[in-house]
Amino acid sequence: MAKTFNDIQLLRTTFLRGPSVWTYRPVLEVWLDLGELEDYPSNKIPGLNERLTTWLPDLVEHTCGVGERGGFIQRLEGGTWMGHVLEHVIIELLNLAGMPAEFGQTREISQRGVYRMVFRCPEEAVARVALEYGHKLLMAAINDLPFDRKPAIHAIKTAINDRYLGPSTGCIVDAAGERRIPHIRLNDGNLVQLGYGAAQRRIWTAESDQTSAIAEGIAQDKDFTKRLLTACGVPVPEGQIVANAEEAWEVAQDIGFPVTVKPSDGNHARGVTLELYQEADVKAAFALAEPEGSDVIVEKFIDGVEHRLLVVGGKVVAATKGETVSVHGNGKATLRELVAVLNQDPRRGPEQEYPLDWINLDAGAVKLELNRQHVTPDSVIPQGQAVLLQRNGNMAIDCTDDVHPDVAYYATLAAKIVGLDIAGMDMILKDVSQPMQGQGAILEVNAGPGLLMHLKPTSGAPRPVGMAIADHLFPREDGANAGRIPLVGIVGTRHNAFIARLVGWLLQLSGKLTGVASSEGMFLNNRQTQKTNTANWAGAHRLLTNRLAQAAVIQTTSRSILEEGLAYDRCLVGVVTDMDGFETLADHDVREASQMRRVLRTQIDVVLSDGAGVLNADLPEVADLAELCDGEVVLYSAQANNAVVAAHRGANEGRAVLLRNQQVILATGGLERALGTLDALRLPTGHAVDTSALLAAIATAWAMDIAPDLIAAGIKTFEYQPA
């Protein structure tokens, strides 16, 4: 009888929300106790590998450390431990659920049989569901128990749909990410901040903080919008608001047939019924439209094809056209059966990720169409007979390259008239490649338009609409650091709150309204706004979401890096003062001073290429981090003859701040400039200042290109009192 193994124990899980010792992106870190499985790698459990590859055949695509397709399978066959196997099982489940996941690592700690396993996932709730089902699948494979992967994938998909950004918001965030613009999710929905502090912009689906509330209100009132457009010469269909079904029929007769009935402020084509001739149909359409908006409009039906043009920043950036939805009978199947087959189209589905919705035979608009054709869902449709199911709401055929300049002109004009920076223009056109006049009209101007039709058209090329919106919010001429403010990150234990506050003061004097998050509290414009310790992820997060902050100085700790990750993706200047404190981190398996390098290097790893790392050259283990910095390195030392500083100045014409005969020297290669003596650079409060901390602050300010004279004057005016 095969041996039965106890479950792998999940000792603790920690979601690291920012750059950490593992990677730049969010990961879930899990501590695993393999127990007796420590003595049973994958090649010692009969049938394990076969069961895993049967349930998860795409494990063959995992390259693992081998670096080639099938690499992980080689590791399985050669024998690898269960923490590593669990890592790959979770990654594959995430892939199957539609969330590409490639990064994972598993490392043994000093306690035998206990491992730290991490895998990348942007959302904590999704990561925890993937962990739960990955653990269940692996234990089933180990103990030769049945396992159905479909419920597991469904559960992960459900978590993704519940927690992830919608497709419109997501594509804008992804585009911003391509341009290295950071983002912060502000709620559980689709409100997202792009950029930091005063450089930020906010989006909510396809609306931005530049979208006027007045313009949005106008767009929601379709009748008023039409009157504005008409006044400016934009062709729109004749129409009128009606109060009841009887009035709808009277207006329809006055306007002339056919007519359209729709809600005055609905969206997504809900409650819209087209091409009506009969009294019963008009009245039924009124009943369908009334619940979807505050008023109902009857307007002249315009013959042509539905189009949706996306206008961003005064330009048409994408266009799609629609098609009616019909099924054709075979003389055997009922309409319900034919629609069931239609709904199997992989482009159709209930979630936002699908460009086309399922056809619902119980929907009011569909029922009305069927009544007009004298067909019921249980009718057997004769061979070759077409049954029309939907006339509108199916705009998913890309036609961007066909848009005539005249059509684009009227679309952008309508957006300007309403006042929207991002607008979806619903138009009826016989031919989008021909001039507008005489062959079409604008039906609606929509704020916050859906983008999925442009991202996943059923025909034609996807359009980079997310990038168009990102470029609108952050013009390319803003440069490579669009959305960023000067940000200083400081880690260590030696007087770092003082360093952070002095650097914040010097940045303030240089003309930037500066926020400081430190262990002595939160400061903005040199005023204390919070007295509690903010040298952590939450404190930094609050500072980076503050629209007043034109610069930020953020103190952090080794423990915060290990338990939360950094709150920012990159910084202009990263400062490491020391590598003290390993004695307090045994719960993270940091048991030797040498292990601090892996923790504190995180601060230097995130320095921008046009930024600088500021390092204490009097501590060799800190100075050695210079090799990891993507930007410039500025050293500081209280020793005039420091060999590391001398080599740095000589080999790279590097910058350094050093102390010689009580004189603070700013050195660039062989050039030197005296900033002043320690006595002259005394704080006005008379508070005793650690020399190394003062040099660190000076080096940081200099790395931020603050003028030496301003640095000296700022120190003498810094009224520091420990909080």
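Between Glu132 and Ser459, 0.36 nm times their residue separation minus their Cα-Cα distance comes to what? Write out the running numbers ahead of the final one.
On the way: separation 327, 0.36 × 327 = 117.72 nm, distance 3.86 nm.
Result: 113.9 nm gained on full extension.
How high is the relative contact order of the chain? Use alpha-carbon pairs under 8 Å, at least six apart in sequence, and give a whole percent.
Once normalised by length, the contact order is 11 percent.
How far apart, in nanometres, would the label points at His687 and Gln721 be if each is projected 7 angstrom from Cα along the Cα-to-Cβ direction?
Simple spin-label model gives 0.9 nm for this pair.
Round to the nearest 10 and give me the degree value, 0 to 90, for the angle of helix 167-178's Cα axis relative to the longest principal axis of the chain.
That works out to roughly 40 degrees.
Assuming R0 = 45 Å, what is the FRET efficiency of Trp358 and Arg12, from their Cβ-Cβ distance, to the nearest 0.05?
Efficiency at R0 = 45 Å is approximately 0.60.
With a ≥ b ≥ c the root eigenvalues of the C-alpha gyration tensor of the stretch 85-168, is it rounded (a/c under 1.5), prolate (a/b larger than b/c) or oblate?
Since a/c reaches 1.5 but b/c is at least a/b, the shape of the stretch 85-168 is classed as oblate.
What ranking, highest mean first, results for peptides 253-260, 88-95 when packing means the other Cβ atoms within 10 Å averaged over each residue? Don't jump to the answer; show the numbers that get you there.
On the way: 253-260: 16.9, 88-95: 24.1.
Descending packing order for the listed peptides: 88-95, 253-260.
How far is helix 496-509 tilted, in degrees, relative to the longest principal axis of the Cα atoms in the chain, given as a value from 0 to 90 rounded to the nearest 10?
70 degrees
About its Cα centre, what dipole magnitude does the chain give when the only charges are +1 on Lys and Arg Cβ and -1 on Asp and Glu Cβ, stated in debye to the nearest 20?
Computed charge dipole of the chain: roughly 1440 debye.
Within the stretch 236-296, which chymotrypsin sites (Phe, Trp or Tyr not before Pro) sit in a loop by DSSP and count at most 13 neighbouring Cβ atoms inside 10 Å? Don't skip to the end; give the middle numbers.
Numbers: sites: Trp249, Tyr277, Phe286; in loops: Tyr277.
Hits after loop and neighbour filter: Tyr277.
Would you mind calculating the gained length between Asp401 and Glu583 on full extension (0.36 nm times residue separation, minus the Cα-Cα distance), in nm to one decimal?
59.1 nm
Could you pull out every residue, at least 5 positions away or on a different chain, whose amide H is within less than 5 Å of the one on His183? Hs are placed 1.01 Å off N in the peptide plane, and Pro or chain starts have none.
Gly195
Is the stretch 437-562 best put as rounded, prolate or oblate by its Cα gyration tensor, with a ≥ b ≥ c the root eigenvalues, rounded for a/c under 1.5, and otherwise prolate when a/b is larger than b/c, oblate when not?
Prolate, because a/c is 1.5 or more and a/b exceeds b/c.
Evaluate the relative contact order of the stretch 487-716 (contact order divided by residue number), counting alpha-carbon pairs under 8 angstrom at least 6 apart; express in whole percent.
18 percent
Hey, can you rank 154-164, 377-387 by average C-beta count inside 10 Å, highest first?
Per-residue mean Cβ counts within 10 Å order the peptides as 154-164, 377-387.
What's the extension gain from Gln344 to Asp478 if we count 0.36 nm per residue and subtract their Cα-Cα distance?
Here the segment from Gln344 to Asp478 would lengthen by 43.6 nm.
Quick one: which of 650-656, 228-234 comes out on top by average Cβ neighbours within 10 Å, and what's the full order, highest first? Could you put the intermediate results ahead of the total?
On the way: 650-656: 15.7, 228-234: 14.1.
So the peptides 650-656, 228-234, ranked by packing, come out 650-656, 228-234.
Report, in degrees rounded to the nearest 10, the 0 to 90 angle that the Cα long axis of helix 596-605 makes with the longest principal axis of the chain.
Helix 596-605 sits roughly 60 degrees off the main axis of the chain.
Considering only Cα-Cα distances, which of the following residue pairs are longer than 30 Å: Lys315/Lys512; Lys315/Lys456; Lys44/Lys157; Lys226/Lys283; Lys262/Lys321? Mind showing how you got there, number by number?
Numbers: Lys315/Lys512 34 Å; Lys315/Lys456 21 Å; Lys44/Lys157 33 Å; Lys226/Lys283 23 Å; Lys262/Lys321 20 Å.
Over 30 Å Cα-Cα: Lys315/Lys512; Lys44/Lys157.
Calculate the dipole size of the stretch 9-163 relative to its Cα centre from +1 charges on Lys and Arg beta carbons and -1 charges on Asp and Glu beta carbons; express the result in debye to the nearest 20. Don't jump to the answer; show the numbers that get you there.
Numbers: 17 positive and 20 negative charges, 75 e Å.
It works out to roughly 360 debye.
For Lys150, go through the lysines and keep the ones whose alpha-carbon is under 21 Å away, minus same-chain ones fewer than eight residues off.
Counting by Cα, and skipping residues close in sequence, Lys150 has these lysines nearby: Lys136.
Taking the Cα centroid of the stretch 120-135 and of the stretch 280-311, what is the distance between the two, rounded to the nearest whole Å?
The stretch 120-135 and the stretch 280-311 have Cα centres spaced 44 Å from each other.
Quote the charge dipole size of the stretch 453-574 about the Cα centre in Debye, to the nearest 20; the model charges only the Cβ of Lys and Arg (+1) and of Asp and Glu (-1).
Computed about the Cα centre, the dipole is about 160 debye.
Please give every one of the aspartates and glutamates within straight-line cross-link reach of Lys716, meaning a C-alpha to C-alpha distance under 18 Å, and leave out same-chain neighbours fewer than 8 residues apart.
Asp679, Asp690
Less than 15 Å Cβ to Cβ from Leu658, Lys/Arg counted +1 and Asp/Glu -1: what total charge do the surrounding residues give?
Values: positive: Arg649, Arg655, Arg660, Arg673; negative: Asp618, Glu672.
Spelling it out: positives minus negatives among the neighbours equals +2.
At a Förster distance of 35 Å, what's the computed FRET efficiency of Arg25 paired with Ala287, Cβ-Cβ distance as r, to 0.05?
Numbers: r = 51 Å, r/R0 = 1.46.
Here the calculated transfer efficiency is 0.10.
Roughly what would the spin-label model give for Asp705 and Asn525, points 7 Å off Cα along C-beta, in nm?
2.6 nm
Evaluate E = 1/(1 + (r/R0)^6) for Lys315 and Leu628, where r is the Cβ-Cβ distance and R0 equals 56 Å; express this FRET efficiency to the nearest 0.05.
Here the calculated transfer efficiency is 0.85.
How do His374, His472 line up, fewest other C-beta atoms within 10 Å first?
Values: His374 7, His472 19.
Going from sparsest to densest Cβ surroundings: His374, His472.
None of the figures in this text is laboratory data; all of them are computed from the coordinates on show. Here the structure is a predicted model, which means the values were calculated and not measured. Please note: Cβ atoms are built from the backbone with ideal geometry, for glycine as well, and neighbour counts cover all protein chains shown.
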